[in-house]
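Before any comments, here is the structure.
We did not get these values from a lab; they are worked out from the coordinates using the rules stated. In this text, all values refer to a predicted model and were calculated from it rather than measured experimentally. Cβ placement follows ideal geometry from the backbone for every residue including glycine, while neighbour counts extend to all protein chains displayed.
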Amino acid sequence: MSEPSPTRPARSEASVGVVQALVAYGLWGLMPLLFAAMAPAGAFEIVSWRIVFGLVFCAVAILATRSWLRTRALLVQPRVMGIMGIAAGLILVNWTVYVAATTTGHTVEAALGYFINPLVTIALGIVVLRERLRPLQWIAVGISVVAVVVIAVGYGRMPWISLALAFSFGLYGLVKKRVGGTVDALSGLTIETVWLLPIAVGALVVLGVTGLAGGLTFAGEGGVHVLITVLTGPATAVPLLLFASSARRVSLSTLGLTQYLAPVMQLLVGVLVQHEAMSPSRWVGFGVVWFALVLLTIDSFTAARRSARRDPVPEPA
């Protein structure tokens, strides 16, 4: 009797997770190009349509995956709804600042915000969660403070856009951590956009009636503009869902390494496509931040190795 032919091994969960993370951060890195293509729409209109069509996409996804019972169960829990309402407010601030930055010639400063974000997350862990840091983490946080000072001196002002993005997203992650084991990615995004829908509709009505900030451009710029505006829904939801799925499959150190892809791409878009100026002081400031991130990455991998040595995988019986 002949031996059975060996079956082709299935792709590991970790490799799938890495691909999902790279696609998610790649899409986030290209987001400034999408917002630029929506011109002459202003930041408030872009964010409002992003919420409206994001909710439409979530509703379709919930119907397709038949997960409405799970989402409905979360909608009747006051604690979950309260926490998700706070998360919605923080992500609204983040989206508005980011869209305003990338549509007014400040994409590089926005990219800096997401380079700083991992360091801000660590700082929030110290202040809010009373976490204890390893020596190399303390050094990385200290270096990031120096970087902000260097950039502020070069700008002649504090990099408020960068700090607003870093802290709003850092706080958003902190709030989401409170319900991380209860709320799945699709239900969470749906609840957040439900919270934000009245604000989005109100903003669209005000823009249409008053003509503020250029008014509404949705129906007045042709079919291509309408299509691009509608695509902000899946462009918002798909990276978040991919990221959430990736986070369940890969280690924190691997995920932390892939997250630098988005701000690198944003920086390239700002410099090469939108031709934003990069003064010597900016390059120095970015260089100091990158050095801090290298230290943080080394520390993450070292800590992961030590943990693996302490808790070896048992031999199969």
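With a/c under 1.5 counting as rounded, go ahead and sort the range 71-172 into rounded, prolate or oblate using the C-alpha gyration tensor (a ≥ b ≥ c being the square roots of the eigenvalues; past the cut-off, prolate if a/b is larger than b/c, else oblate).
Working: a/c = 3.42, a/b = 1.34, b/c = 2.55.
Since a/c reaches 1.5 but b/c is at least a/b, the shape of the range 71-172 is classed as oblate.
Below 14 angstrom from the Cβ of Leu90, what's the summed charge of the other residues (Lys, Arg +1; Asp, Glu -1)? Don't skip to the end; give the middle numbers.
Details: positive: Lys176, Lys177, Arg178; negative: Glu192.
Computed value for this residue: +2.
So for the pair Leu129, Ser15, with labels modelled 7 Å out along Cα→Cβ, what separation do we get in nm?
3.1
With each label point set 7 Å from Cα along the Cα-Cβ vector, what nm distance links Ser245 and Leu212?
Each label point is offset 7 Å from its Cα along the Cβ direction, giving 4.0 nm.
Each residue of the range 191-197 in order: what ³J(HN,Hα) in whole Hz does its phi give by Karplus 6.51 cos²θ - 1.76 cosθ + 1.60, θ = phi - 60°, with x for Gly and Pro?
5, 4, 6, 5, 4, 8, 4
Once you have a ≥ b ≥ c as the square roots of the Cα gyration tensor eigenvalues for the chain, tell me rounded if a/c is under 1.5, and otherwise prolate or oblate according to whether a/b is larger than b/c. Mind dumping the intermediate values first?
Details: a/c = 1.63, a/b = 1.15, b/c = 1.42.
Oblate.
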